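Engineer: Structure provided below as C-alpha coordinates; questions to follow.
The values are calculated or read from the model by the stated rules, or taken from the named source; none is laboratory data. Note that this is a predicted model, so its numbers are computed, not measured. Quick reminder, even Gly has a Cβ in these numbers, built from the backbone with ideal geometry, and neighbours come from all protein chains shown. Protein only, heavy atoms only, side chains kept; ligands, DNA and RNA dropped before computing areas. Shrake-Rupley method; radii C 1.70, N 1.55, O 1.52, S 1.80 Å.
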Amino acid sequence: MIQRLCVIGVGLIGGSLARALRQAGEVGEVIGSGRGEDNLRAAVRLGVIDRYDTDPIRAVAGADVVVVAVPLGAIEPVLRAIVPHLAPAAVVTDVGSAKGSVVADVERIYGHVPPHFVPGHPIAGTEQSGVEASFATLFQGRRVILTPLAETAAASHHLIRRMWELTGAEVVDMGVRHHDAVLAATSHLPHMLAYTLVDTLARLDDRAEIFRYAAGGFRDFSRIASSDPKMWHDICVANREQLLEMIALFSADLARLAEAIRADDRAAVLAMFQRAKRARDNLYLE
Ligand code: NAP
(Lines give C-alpha, C1' and ligand atoms only; values in the text may rest on other atoms or scores of the structure.)
Protein backbone atom coordinates (compact mmCIF):
# COMPACT_ATOMS: atom_id res chain seq x y z
CA MET A 1 0.00 0.00 0.00
CA ILE A 2 2.87 2.36 0.84
CA GLN A 3 6.00 2.20 -1.31
CA ARG A 4 8.19 4.40 0.82
CA LEU A 5 7.22 5.44 4.33
CA CYS A 6 9.16 8.13 6.16
CA VAL A 7 8.73 8.27 9.95
CA ILE A 8 10.12 11.40 11.57
CA GLY A 9 10.42 10.57 15.27
CA VAL A 10 11.01 6.82 15.54
CA GLY A 11 9.86 6.54 19.14
CA LEU A 12 7.07 4.66 20.87
CA ILE A 13 4.34 5.76 18.45
CA GLY A 14 6.32 6.17 15.21
CA GLY A 15 8.22 2.93 15.85
CA SER A 16 5.06 0.97 16.69
CA LEU A 17 3.34 2.21 13.54
CA ALA A 18 6.31 1.21 11.37
CA ARG A 19 6.44 -2.22 13.03
CA ALA A 20 2.70 -2.79 12.54
CA LEU A 21 2.77 -1.80 8.85
CA ARG A 22 5.78 -4.03 8.24
CA GLN A 23 4.02 -6.91 9.96
CA ALA A 24 0.97 -6.32 7.77
CA GLY A 25 3.29 -6.51 4.73
CA GLU A 26 1.89 -3.24 3.44
CA VAL A 27 4.99 -1.09 3.28
CA GLY A 28 7.98 -1.24 0.94
CA GLU A 29 10.81 0.76 2.45
CA VAL A 30 10.78 2.56 5.82
CA ILE A 31 13.07 5.52 6.39
CA GLY A 32 13.46 6.96 9.87
CA SER A 33 14.56 10.40 10.99
CA GLY A 34 15.24 12.01 14.35
CA ARG A 35 17.98 13.87 16.17
CA GLY A 36 19.68 11.04 18.06
CA GLU A 37 21.66 8.49 16.07
CA ASP A 38 21.64 5.93 18.91
CA ASN A 39 17.84 5.65 18.74
CA LEU A 40 17.88 5.45 14.94
CA ARG A 41 20.64 2.84 14.93
CA ALA A 42 18.59 0.81 17.41
CA ALA A 43 15.58 1.18 15.09
CA VAL A 44 17.57 -0.34 12.20
CA ARG A 45 18.92 -3.11 14.44
CA LEU A 46 15.40 -3.94 15.64
CA GLY A 47 14.14 -4.07 12.05
CA VAL A 48 11.73 -1.17 12.61
CA ILE A 49 13.22 0.91 9.77
CA ASP A 50 15.42 0.05 6.78
CA ARG A 51 17.64 3.11 6.99
CA TYR A 52 17.75 6.55 8.54
CA ASP A 53 18.84 10.09 7.91
CA THR A 54 19.15 12.63 10.72
CA ASP A 55 18.37 15.32 8.17
CA PRO A 56 14.56 15.25 7.73
CA ILE A 57 14.91 16.98 4.35
CA ARG A 58 16.84 14.03 2.94
CA ALA A 59 14.69 11.52 4.83
CA VAL A 60 11.44 12.58 3.11
CA ALA A 61 12.87 12.38 -0.42
CA GLY A 62 10.62 10.19 -2.57
CA ALA A 63 8.37 9.13 0.34
CA ASP A 64 4.71 8.66 -0.53
CA VAL A 65 3.64 8.83 3.14
CA VAL A 66 5.36 10.95 5.80
CA VAL A 67 4.39 10.42 9.46
CA VAL A 68 5.50 13.16 11.84
CA ALA A 69 5.69 11.43 15.24
CA VAL A 70 7.70 13.96 17.25
CA PRO A 71 6.58 15.82 20.43
CA LEU A 72 4.00 18.54 19.74
CA GLY A 73 6.50 21.38 20.23
CA ALA A 74 8.72 19.97 17.46
CA ILE A 75 5.98 19.53 14.83
CA GLU A 76 6.11 23.07 13.40
CA PRO A 77 9.91 23.24 12.90
CA VAL A 78 9.95 19.73 11.42
CA LEU A 79 7.10 20.50 9.01
CA ARG A 80 8.62 23.84 8.09
CA ALA A 81 11.87 22.10 7.16
CA ILE A 82 10.36 19.29 5.07
CA VAL A 83 7.52 21.06 3.25
CA PRO A 84 9.58 22.33 0.27
CA HIS A 85 11.17 18.90 -0.16
CA LEU A 86 8.13 16.60 -0.16
CA ALA A 87 7.43 14.42 -3.20
CA PRO A 88 4.58 15.98 -5.25
CA ALA A 89 2.10 13.22 -4.33
CA ALA A 90 3.24 12.76 -0.72
CA VAL A 91 0.59 12.49 1.98
CA VAL A 92 1.60 13.86 5.38
CA THR A 93 0.09 13.00 8.75
CA ASP A 94 0.98 13.47 12.40
CA VAL A 95 0.22 11.65 15.65
CA GLY A 96 0.19 14.59 18.07
CA SER A 97 -1.97 14.34 21.19
CA ALA A 98 -3.66 17.71 20.54
CA LYS A 99 -4.99 18.72 17.14
CA GLY A 100 -5.84 22.45 17.28
CA SER A 101 -2.17 23.36 17.79
CA VAL A 102 -1.06 21.14 14.90
CA VAL A 103 -3.63 22.64 12.53
CA ALA A 104 -2.47 26.12 13.64
CA ASP A 105 1.17 25.09 12.98
CA VAL A 106 0.24 23.93 9.47
CA GLU A 107 -1.73 27.12 8.78
CA ARG A 108 1.25 29.24 9.88
CA ILE A 109 3.48 27.37 7.43
CA TYR A 110 1.20 27.17 4.37
CA GLY A 111 -1.30 29.95 5.09
CA HIS A 112 -3.97 27.23 4.91
CA VAL A 113 -4.29 23.48 5.49
CA PRO A 114 -3.13 21.74 2.31
CA PRO A 115 -5.20 18.84 0.87
CA HIS A 116 -2.41 16.31 1.47
CA PHE A 117 -2.21 16.90 5.24
CA VAL A 118 -4.33 14.61 7.46
CA PRO A 119 -4.12 15.35 11.21
CA GLY A 120 -4.29 12.19 13.33
CA HIS A 121 -4.00 10.88 16.88
CA PRO A 122 -3.78 7.22 17.94
CA ILE A 123 -5.47 6.71 21.31
CA ALA A 124 -2.89 4.21 22.44
CA GLY A 125 0.39 4.45 24.25
CA THR A 126 2.36 3.54 27.31
CA GLU A 127 4.43 5.56 29.77
CA GLN A 128 7.59 4.39 27.94
CA SER A 129 9.45 6.31 25.22
CA GLY A 130 11.84 5.56 22.38
CA VAL A 131 12.02 2.89 19.73
CA GLU A 132 12.98 0.17 22.21
CA ALA A 133 9.55 0.60 23.80
CA SER A 134 7.69 0.25 20.48
CA PHE A 135 5.72 -2.86 19.56
CA ALA A 136 3.66 -3.94 16.55
CA THR A 137 0.41 -4.62 18.43
CA LEU A 138 0.20 -1.26 20.22
CA PHE A 139 -2.75 -0.09 18.12
CA GLN A 140 -4.64 -3.37 17.89
CA GLY A 141 -8.23 -2.93 19.06
CA ARG A 142 -7.52 0.72 19.92
CA ARG A 143 -8.98 3.84 18.36
CA VAL A 144 -7.25 6.30 16.08
CA ILE A 145 -8.88 9.71 15.67
CA LEU A 146 -8.44 11.59 12.41
CA THR A 147 -9.47 15.24 12.28
CA PRO A 148 -9.63 15.98 8.54
CA LEU A 149 -10.67 19.48 7.51
CA ALA A 150 -12.89 20.62 4.68
CA GLU A 151 -9.73 21.19 2.62
CA THR A 152 -8.41 17.63 3.17
CA ALA A 153 -8.38 15.58 -0.05
CA ALA A 154 -10.59 12.49 0.10
CA ALA A 155 -7.78 10.33 -1.32
CA SER A 156 -5.29 11.47 1.36
CA HIS A 157 -7.87 10.93 4.10
CA HIS A 158 -8.65 7.47 2.75
CA LEU A 159 -4.97 6.48 2.57
CA ILE A 160 -4.26 7.48 6.18
CA ARG A 161 -7.46 5.81 7.36
CA ARG A 162 -6.43 2.60 5.57
CA MET A 163 -2.90 2.86 6.98
CA TRP A 164 -4.21 2.89 10.56
CA GLU A 165 -6.76 0.16 9.89
CA LEU A 166 -3.87 -2.08 8.84
CA THR A 167 -2.46 -1.76 12.38
CA GLY A 168 -5.67 -3.27 13.77
CA ALA A 169 -7.07 0.05 14.97
CA GLU A 170 -10.61 1.37 14.63
CA VAL A 171 -10.44 4.72 12.88
CA VAL A 172 -12.92 7.49 13.72
CA ASP A 173 -13.22 11.02 12.39
CA MET A 174 -13.77 13.98 14.69
CA GLY A 175 -13.73 17.77 14.57
CA VAL A 176 -10.51 19.40 15.77
CA ARG A 177 -12.06 21.28 18.73
CA HIS A 178 -14.15 18.33 19.78
CA HIS A 179 -11.04 16.12 19.75
CA ASP A 180 -9.17 18.54 22.00
CA ALA A 181 -12.09 18.84 24.43
CA VAL A 182 -12.57 15.06 24.68
CA LEU A 183 -8.85 14.38 25.12
CA ALA A 184 -8.49 17.17 27.70
CA ALA A 185 -11.06 15.30 29.79
CA THR A 186 -10.03 11.69 29.23
CA SER A 187 -6.27 11.89 28.90
CA HIS A 188 -4.77 15.29 29.62
CA LEU A 189 -6.54 15.94 32.95
CA PRO A 190 -5.74 12.44 34.33
CA HIS A 191 -2.06 13.00 33.55
CA MET A 192 -2.14 16.33 35.40
CA LEU A 193 -3.72 14.61 38.42
CA ALA A 194 -1.12 11.81 38.42
CA TYR A 195 1.82 14.21 38.09
CA THR A 196 0.43 16.50 40.82
CA LEU A 197 -0.34 13.67 43.25
CA VAL A 198 3.12 12.12 42.93
CA ASP A 199 4.80 15.54 43.12
CA THR A 200 2.81 16.50 46.24
CA LEU A 201 3.68 13.27 48.03
CA ALA A 202 7.30 13.29 46.87
CA ARG A 203 7.83 16.67 48.56
CA LEU A 204 6.56 15.52 51.98
CA ASP A 205 9.19 15.09 54.71
CA ASP A 206 8.17 11.49 55.36
CA ARG A 207 7.95 10.60 51.62
CA ALA A 208 10.14 7.50 51.99
CA GLU A 209 7.74 6.09 54.57
CA ILE A 210 4.72 7.06 52.47
CA PHE A 211 6.00 5.44 49.26
CA ARG A 212 7.09 2.32 51.21
CA TYR A 213 3.47 1.69 52.13
CA ALA A 214 1.94 2.71 48.79
CA ALA A 215 -0.12 -0.24 47.60
CA GLY A 216 -1.61 -1.35 44.28
CA GLY A 217 -4.12 1.48 44.07
CA PHE A 218 -1.38 4.07 44.21
CA ARG A 219 0.67 2.14 41.67
CA ASP A 220 -2.30 2.03 39.24
CA PHE A 221 -3.19 5.68 39.72
CA SER A 222 0.37 7.00 39.51
CA ARG A 223 1.66 4.88 36.58
CA ILE A 224 1.13 7.64 34.03
CA ALA A 225 3.26 10.05 36.09
CA SER A 226 6.20 8.09 34.65
CA SER A 227 5.33 9.42 31.17
CA ASP A 228 7.82 11.65 29.38
CA PRO A 229 7.76 15.11 31.06
CA LYS A 230 8.74 16.98 27.89
CA MET A 231 5.95 15.35 25.89
CA TRP A 232 3.41 16.29 28.55
CA HIS A 233 4.79 19.79 28.88
CA ASP A 234 4.15 20.19 25.16
CA ILE A 235 0.59 18.82 25.49
CA CYS A 236 -0.20 21.37 28.27
CA VAL A 237 1.04 24.18 26.07
CA ALA A 238 -0.80 22.88 23.00
CA ASN A 239 -4.18 22.23 24.64
CA ARG A 240 -3.97 24.99 27.26
CA GLU A 241 -7.49 26.40 26.99
CA GLN A 242 -9.39 23.11 27.06
CA LEU A 243 -7.13 21.68 29.75
CA LEU A 244 -7.61 24.73 32.00
CA GLU A 245 -11.39 24.32 31.69
CA MET A 246 -11.16 20.70 32.83
CA ILE A 247 -8.77 21.57 35.69
CA ALA A 248 -11.23 24.25 36.89
CA LEU A 249 -14.13 21.81 36.75
CA PHE A 250 -12.18 19.15 38.62
CA SER A 251 -10.87 21.63 41.22
CA ALA A 252 -14.43 22.77 41.96
CA ASP A 253 -15.57 19.17 42.45
CA LEU A 254 -12.56 18.38 44.67
CA ALA A 255 -13.29 21.51 46.73
CA ARG A 256 -16.92 20.35 47.06
CA LEU A 257 -15.75 16.96 48.30
CA ALA A 258 -13.37 18.59 50.80
CA GLU A 259 -16.23 20.79 52.04
CA ALA A 260 -18.53 17.77 52.46
CA ILE A 261 -15.83 15.98 54.47
CA ARG A 262 -15.19 19.12 56.56
CA ALA A 263 -18.93 19.54 57.24
CA ASP A 264 -19.25 15.83 58.05
CA ASP A 265 -21.87 15.60 55.30
CA ARG A 266 -21.65 11.81 55.04
CA ALA A 267 -24.62 11.51 52.69
CA ALA A 268 -22.97 13.85 50.17
CA VAL A 269 -19.67 11.98 50.34
CA LEU A 270 -21.33 8.60 49.95
CA ALA A 271 -23.56 9.82 47.10
CA MET A 272 -20.52 11.11 45.21
CA PHE A 273 -18.59 7.87 45.62
CA GLN A 274 -21.64 5.82 44.58
CA ARG A 275 -22.16 7.98 41.48
CA ALA A 276 -18.49 7.61 40.53
CA LYS A 277 -18.46 3.84 41.13
CA ARG A 278 -21.57 3.39 38.97
CA ALA A 279 -19.98 5.43 36.18
CA ARG A 280 -16.64 3.57 36.41
CA ASP A 281 -18.31 0.14 36.53
CA ASN A 282 -20.32 0.93 33.41
CA LEU A 283 -17.43 2.55 31.57
CA TYR A 284 -16.09 -0.48 29.75
CA LEU A 285 -19.34 -2.40 29.27
CA GLU A 286 -20.30 -1.07 25.84
P1 NAP B 1 8.93 9.24 21.92
O2 NAP B 1 8.92 7.79 22.16
O3 NAP B 1 9.79 10.11 22.79
O4 NAP B 1 9.31 9.50 20.41
C5 NAP B 1 9.49 10.78 19.89
C6 NAP B 1 10.57 10.71 18.84
O7 NAP B 1 10.71 11.98 18.25
C8 NAP B 1 11.93 10.31 19.40
O9 NAP B 1 12.42 9.22 18.67
C10 NAP B 1 12.78 11.57 19.22
O11 NAP B 1 14.09 11.19 18.87
C12 NAP B 1 12.09 12.29 18.10
N13 NAP B 1 12.22 13.74 18.18
C14 NAP B 1 12.04 14.54 19.25
N15 NAP B 1 12.22 15.81 18.92
C16 NAP B 1 12.55 15.82 17.61
C17 NAP B 1 12.87 16.85 16.69
N18 NAP B 1 12.90 18.13 17.05
N19 NAP B 1 13.15 16.50 15.42
C20 NAP B 1 13.14 15.21 15.02
N21 NAP B 1 12.83 14.19 15.87
C22 NAP B 1 12.55 14.51 17.14
O23 NAP B 1 7.46 9.86 22.01
P24 NAP B 1 6.08 9.20 21.59
O25 NAP B 1 5.41 8.71 22.83
O26 NAP B 1 6.26 8.28 20.45
O27 NAP B 1 5.28 10.51 21.16
C28 NAP B 1 5.39 11.06 19.87
C29 NAP B 1 4.14 11.83 19.53
O30 NAP B 1 3.02 10.98 19.70
C31 NAP B 1 3.89 13.06 20.41
O32 NAP B 1 3.45 14.12 19.61
C33 NAP B 1 2.77 12.61 21.34
O34 NAP B 1 1.93 13.71 21.70
C35 NAP B 1 2.03 11.60 20.48
N36 NAP B 1 1.33 10.53 21.21
C37 NAP B 1 1.93 9.91 22.26
C38 NAP B 1 1.24 8.90 22.92
C39 NAP B 1 1.85 8.18 24.11
O40 NAP B 1 1.13 7.61 24.93
N41 NAP B 1 3.17 8.16 24.25
C42 NAP B 1 -0.02 8.50 22.48
C43 NAP B 1 -0.58 9.13 21.37
C44 NAP B 1 0.11 10.14 20.73
P45 NAP B 1 15.34 12.17 19.17
O46 NAP B 1 15.15 12.66 20.58
O47 NAP B 1 16.51 11.29 18.98
O48 NAP B 1 15.23 13.24 18.16
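Engineer: What is the dipole size for the stretch 200-286, taken about its Cα centre, with +1 at each Lys and Arg Cβ and -1 at each Asp and Glu Cβ, in debye to the nearest 20?
Structural biologist: 200
Engineer: Let me ask another. Could you look at the stretch 2-174 and say what percent of its accessible area is carbon and sulfur, using a 1.4 Å probe and all protein chains?
Structural biologist: 51
Engineer: Here's another thing I want to ask about it. For the chain, what's the relative contact order in percent, using C-alpha pairs closer than 8 Å and at least 6 residues apart?
Structural biologist: Relative contact order, the chain: 17 percent.
Engineer: Shifting gears a bit: Helix 72-82 sits at what angle to the longest principal axis of the chain, using alpha carbons and giving 0 to 90 degrees rounded to 10?
Structural biologist: 10
Engineer: Of the listed peptides 59-65, 252-258, what is their order by residue-averaged count of other C-beta atoms within 10 Å, with the highest listed first?
Structural biologist: Descending packing order for the listed peptides: 59-65, 252-258.
Engineer: Say a site is exposed when it is one of the chymotrypsin sites (Phe, Trp or Tyr not before Pro), sits in a DSSP loop, and has at most 13 other Cβ atoms within 10 Å; what is then the longest site-free stretch of the chain?
Structural biologist: 1-212
Engineer: When the accessible area of the stretch 178-281 is split by element with a 1.4 Å probe, what percent falls to carbon and sulfur?
Structural biologist: After summing per-atom areas, the C and S share lands at 61 percent.
Engineer: Heads up, I need the accessible area for Leu183: 1.4 angstrom probe, whole protein in place, Å², nearest 10.
Structural biologist: 10
Engineer: Can I ask one more? For Ile247, Ile8, Ile109, give the ranking by accessible area with the largest first, probe 1.4 Å.
Structural biologist: From most accessible down to least: Ile247, Ile109, Ile8.
Engineer: How big is the charge dipole of the chain about its Cα centre, in debye rounded to the nearest 20, if each Lys and Arg gets +1 on its Cβ and each Asp and Glu gets -1 on its Cβ?
Structural biologist: For the chain, the charge dipole is close to 360 debye.
Engineer: After finding the eigenvalues of the alpha carbon gyration tensor for the stretch 2-174, what semi-axes result from the square roots of 5 times each, listed largest first in whole Å?
Structural biologist: Over the Cα atoms of the stretch 2-174, the semi-axes work out to 21, 18, 15 Å.
Engineer: Please compute the per residue accessible area over the chain with all protein chains in place, 1.4 Å probe, rounded to a whole number of Å².
Structural biologist: 52
Engineer: Tell me the trypsin sites (Lys or Arg not before Pro) within the stretch 185-228 that lie in a loop according to DSSP and have at most 10 other beta-carbon atoms within 10 Å.
Structural biologist: Answer by residue number: Arg203.
Engineer: If I ignore ligands, DNA and RNA and count only protein heavy atoms, how much of Glu107 is accessible to a 1.4 Å probe, in Å² to the nearest 10?
Structural biologist: Here the accessible area works out near 80 Å².
Engineer: Calculate how steeply helix 229-238 sits against the longest principal axis of the alpha-carbon atoms of the chain, using the helix alpha-carbon long axis, and give the answer as 0 to 90 degrees to the nearest 10.
Structural biologist: The helix 229-238 is inclined about 90 degrees to the chain.
Engineer: For the chain, what is the calculated [θ] at 222 nm in deg cm²/dmol (nearest 500), taking -39500 (n - 2.57) for each run of four or more DSSP H residues and dividing by its residue count?
Structural biologist: Calculated from helices alone, the mean residue ellipticity at 222 nm is -15500 deg cm²/dmol.
Engineer: While we're on this one: Looking at Gln23, Ser97, Val68, which one has the Cα that reaches farthest to the positive end of the dipole of the stretch 2-174 (charges on Cβ: Lys, Arg +1; Asp, Glu -1)?
Structural biologist: Gln23
Engineer: Go through Ala260, Phe273, His191 and say which Cα lies farthest out towards the positive end of the charge dipole of the stretch 178-281; charges sit on Cβ, +1 for Lys and Arg, -1 for Asp and Glu.
Structural biologist: Going by the charge dipole, the pick is Phe273.
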